[in-house]
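The values are calculated or read from the model by the stated rules, or taken from the named source; none is laboratory data. Quick caveat: nothing in here was measured; it's all calculated off a predicted structure. When the accessible area is computed, the model is the full protein with side chains, heavy atoms only, and any ligands, DNA or RNA have been set aside. Shrake-Rupley method; radii C 1.70, N 1.55, O 1.52, S 1.80 Å.
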Amino acid sequence: MSQRKVKLLAIDLDGTLVDSAPDIAHCLGRALAAAGLTPPGEALTRVWIGDGLETLIARAIGQAVGARGPSTAREPRHEVALAAFLTCYRDNLFVRSRLYP
């Protein structure tokens, strides 16, 4: 091992030890609202989590506009929602998340 000091060690525990769905759902709701769409709520968000942020937003937009599946086209609403989600999540990370019992 090198002589360099470790400044940061990060371990991704989302969904394993930490229930982060409440923070993700909150920010997805903010993201869709910023795009002029209806937020999906936590229950639907929990179903969609797991395939990355781009897919999560595509699924939410697809549901909000009444599509039969995820939105496949990169439309302006997707970019607006993505930017709003990232801003919200940066400011709300671990606000609603909880350790699993």
Protein accessible area in the chain, 1.4 Å probe - carbon and sulfur % | 57
Calc'd 3J(HN,Hα), segment 44-58, phi into Karplus 6.51 cos²θ - 1.76 cosθ + 1.60 (θ = phi - 60°), Hz, glycine/Pro = x, comes to 5, 4, 4, 5, 8, 5, x, 10, x, 5, 4, 5, 4, 5, 4
What are the ³J(HN,Hα) values, in whole Hz, obtained from phi via the Karplus relation 6.51 cos²θ - 1.76 cosθ + 1.60 with θ = phi - 60°, for each residue of segment 89-97 in sequence order, with x given for Gly and Pro?
-> 5, 4, 8, 10, 5, 6, 7, 9, 5
Taking Cα pairs under 8 Å and at least six residues apart, what relative contact order does the chain come out at, in percent?
-> 36
What residues have an amide H closer than 5 Å to that of Val18, excluding those fewer than 5 places away on the same chain, when H is modeled at 1.01 Å from N in the peptide plane?
-> Tyr100
Which label marks the calculated value of semi-axes √(5λ) of the Cα gyration tensor in Å, given the options (i) 64, 10, 5; (ii) 28, 16, 13; (iii) 20, 15, 13?
-> (ii)
Exposure rank, largest accessible area first [Arg98, Arg4; 1.4 Å] | Arg4, Arg98
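Counting helices only, and only those DSSP H runs with n ≥ 4, report the 222 nm mean residue ellipticity of the chain as the sum of -39,500 (n - 2.57) divided by its residues, in deg cm²/dmol to the nearest 500. Display every interim value, and only then the final one.
Numbers: 4 runs with 50 residues, N = 101.
My calculation for the chain gives -15500 deg cm²/dmol from helical runs alone.
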With Cα coordinates, the longest principal axis of the chain makes an angle with the long axis of helix 21-34, in degrees rounded to 10, of 40
